[in-house]
Amino acid sequence: MNRSFESLLVEQCAPTLAGIKPASLFRCGRHSAKNVKQAVEDWNHALIRLGLRVRILKECPNTGDCMVYLYRPAWVECLLFDEDTLRFLVCQGYQHGSAEFLLEQLSSRLCLEQDYPHEIGLFLGYPLSDVIGFIENKGWNYTCCGCWKSYGDPEKAQAYFDLCRQCTSRYCALYASGAHILELVIAA
């Protein structure tokens, strides 16, 4: 089933559109949107005035499929410039710079590696302790699983996962009933 770029944006990014998550990432196949690059450009132009940006982080040269990143730049910058987070990223081989420079480095890593670099979670708003826990435990021994694998307080994580799930359900219903995406965005 082919879904439009817009339906993917709502289905995969509702918590970011709603302002309860700093960023989201989704795969958009060339069959989902005839011109993914144009859709990204158009939506970036429409969303930037509301405090969101959308960009392609990775494009497969063989299939044309793209990994599309929707984010709230100011929030992502605050997360990435946390002292412990920045120290972790430097230990992972990142160079100091702006949030955009860090995103460019992530994009390069996505293009060079078959597997996702685990630090991608930091760019999506996952807690540093969960990213480190995932790496140290090789994805096992988590306390709770939802949008990601949590290694901390399971009740707190589950409450956040439930909030994201409820938001997605509500936004998908609103979109299906005719709401425009720009009506669903909570401006930054």
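The values are calculated or read from the model by the stated rules, or taken from the named source; none is laboratory data. Note that the structure is a prediction, hence the values are computed from the model and not measured. Every residue, glycine as well, gets a Cβ built from its backbone with ideal geometry; the counts of neighbours run over all protein chains shown. The area values use the complete protein model at the heavy-atom level, side chains included, leaving out ligands, DNA and RNA. Shrake-Rupley method; radii C 1.70, N 1.55, O 1.52, S 1.80 Å.
Using beta carbons and a limit of 8 Å, which pairs, at least six apart or on different chains, have the first residue in the stretch 71-100 and open to solvent by 80 Å² or more (accessible area, probe 1.4 Å) and the second one of a type in the set (A, V, I, L, M) and in a loop (DSSP other than H, G, I, E, B)?
W75/A188
So R27 fits all but one of (1) modelled with pLDDT of 95 or more; (2) closer than 29 Å to P127 by Cβ; (3) open to solvent by 20 Å² or more (accessible area, probe 1.4 Å); what number is the exception?
(1)
Just a yes or no: is a residue in the stretch 66-82 over 30 Å from R49 (Cβ atoms) and not in a loop (DSSP other than H, G, I, E, B)?
no
Name the single residue, out of those in the stretch 106-141 being part of a loop (DSSP other than H, G, I, E, B) and charged (D, E, K, R), that is farthest from E77 (Cα to Cα).
The selected residue is K138.
Taking only the stretch 159-183 into account, find how many residues are part of a helix (DSSP H, G or I), out of contact with any helix residue (DSSP H, G or I) (no Cβ under 7 Å at 6 or more places or on another chain) and farther than 17 Å from F134 by Cβ.
Counting residues in the stretch 159-183 that are part of a helix (DSSP H, G or I), out of contact with any helix residue (DSSP H, G or I) (no Cβ under 7 Å at 6 or more places or on another chain) and farther than 17 Å from F134 by Cβ gives 10.
Out of the stretch 142-158, which residues are in a loop (DSSP other than H, G, I, E, B) and touching a Lys or Arg at 6+ places or on another chain (Cβ under 9 Å)?
Y142, T143, G146, C147, listed by residue number.
Specify the residue that is least open to solvent (accessible area, probe 1.4 Å); the eligible residues are those in the stretch 1-24 that are part of a loop (DSSP other than H, G, I, E, B) and at pLDDT below 95.
Taking the candidates together, the pick is S4.
Considering the stretch 160-186 alone, what residues qualify as being among the aliphatic types (A, V, I, L, M) and open to solvent by less than 60 Å² (accessible area, probe 1.4 Å)?
A173, L174, A179, I181, L182, L184, V185
Would you confirm whether any residue within the stretch 90-102 is assigned to a helix (DSSP H, G or I), charged (D, E, K, R), out of contact with any Gly (no Cβ under 8 Å at 6 or more places or on another chain) and over 27 Å from G64 (Cβ atoms)?
No: the stretch 90-102 contains no residue that is assigned to a helix (DSSP H, G or I), charged (D, E, K, R), out of contact with any Gly (no Cβ under 8 Å at 6 or more places or on another chain) and over 27 Å from G64 (Cβ atoms).
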